[in-house]
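The values are calculated or read from the model by the stated rules, or taken from the named source; none is laboratory data. Every value quoted in this text rests on a predicted model; they were computed, and no experiment measured them. Cβ sites come from the backbone with ideal geometry, for glycine too, and all protein chains shown count toward neighbours. We work out accessible area using only protein heavy atoms, side chains counted, and drop any ligands, DNA or RNA first. Shrake-Rupley method; radii C 1.70, N 1.55, O 1.52, S 1.80 Å.
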Amino acid sequence: MSIRINLDKCVGCLRCIEVCPGSLIKEKDTKAFMKYPKDCWGCVSCVKECKAGAIEFYLGADIGGNGGKMNVSYEGDIIHWNITKSDGTVKVIDVNSKDSNKY
Ligand code: SF4
Ligand code: SF4
């Protein structure tokens with residue numbers, strides 16, 4: 001499993017580098033660069049932290065996916081988890097970031 005960083009969307013905030021527990025993402029030419037894709041264990045911390053929506057998580061067969069992709073977009077306190085399936089259909093799961101810290 002791994003992520004893909006869209007350099008056209010990356011704004012160079014480097015939050016993904018700070019949150020990756022394995023230090024797998026590095027900086028290159030003021031943008032984020034996934035240096036060790038094989039070592040990614042799919043915690044999706046970087047996906048969640050990327051306010052620019054530049055990081056996509058690949059939903060491969062190893063985690064029950066079928067080649068889809070997932071990224072996030074933000075709207076106030078709401079985090080939209082956008083899942084694009086391999087057939088092009090999109091499913092969005094909304095999580096209120098304030099509620100998610102209640103438990
Ligand atoms: S969090 Fe997103 S915008 Fe910020 S450096 Fe990483 S990929 Fe780029
Ligand atoms: S999904 Fe987790 S382990 Fe993989 S690059 Fe992102 S923060 Fe690092």
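Working only within the range 1-26, note down all residues that are out of contact with any helix residue (DSSP H, G or I) (no Cβ under 6 Å at 6 or more places or on another chain), within 13 Å of ligand 1 (Cβ to nearest atom) and not β-branched (Val, Ile, Thr). Once the filter is applied, which keeps residues that are out of contact with any helix residue (DSSP H, G or I) (no Cβ under 6 Å at 6 or more places or on another chain), within 13 Å of ligand 1 (Cβ to nearest atom) and not β-branched (Val, Ile, Thr), the range 1-26 yields Arg4, Asn6, Leu7, Asp8, Lys9, Cys10, Gly12, Cys13, Leu14, Glu18, Lys26.
Please verify whether Asp94 is assigned to a strand (DSSP E or B) and surrounded by fewer than 15 Cβ atoms within 10 Å (Cβ to Cβ), treating the condition exactly as stated. Considered against the rule, which asks whether it is assigned to a strand (DSSP E or B) and surrounded by fewer than 15 Cβ atoms within 10 Å (Cβ to Cβ), Asp94 comes out as yes. Looking only at the range 20-63, residues that are farther than 13 Å from Asn6 by Cβ and of a type in the set (Gly, Ala, Ser) come to 6 in all. Ala54 passes every criterion in (1) modelled with pLDDT of 95 or more; (2) of a type in the set (Gly, Ala, Ser); (3) more than 10 Å from ligand 1 (Cβ to nearest atom) apart from (3). Checking the stated criteria, Asp87 turns out not to satisfy the condition of being at pLDDT below 95, open to solvent by less than 70 Å² (accessible area, probe 1.4 Å) and of a type in the set (D, E, K, R). When Val95, Val90, Val44, Val11 are screened for being β-branched (Val, Ile, Thr) and within 14 Å of ligand 2 (Cβ to nearest atom), only Val44 passes.
Applying the criterion of being more than 18 Å from Arg15 (Cα to Cα) and in a strand (DSSP E or B) to the residues of the range 46-69, the residue that is least open to solvent (accessible area, probe 1.4 Å) is Gly68.
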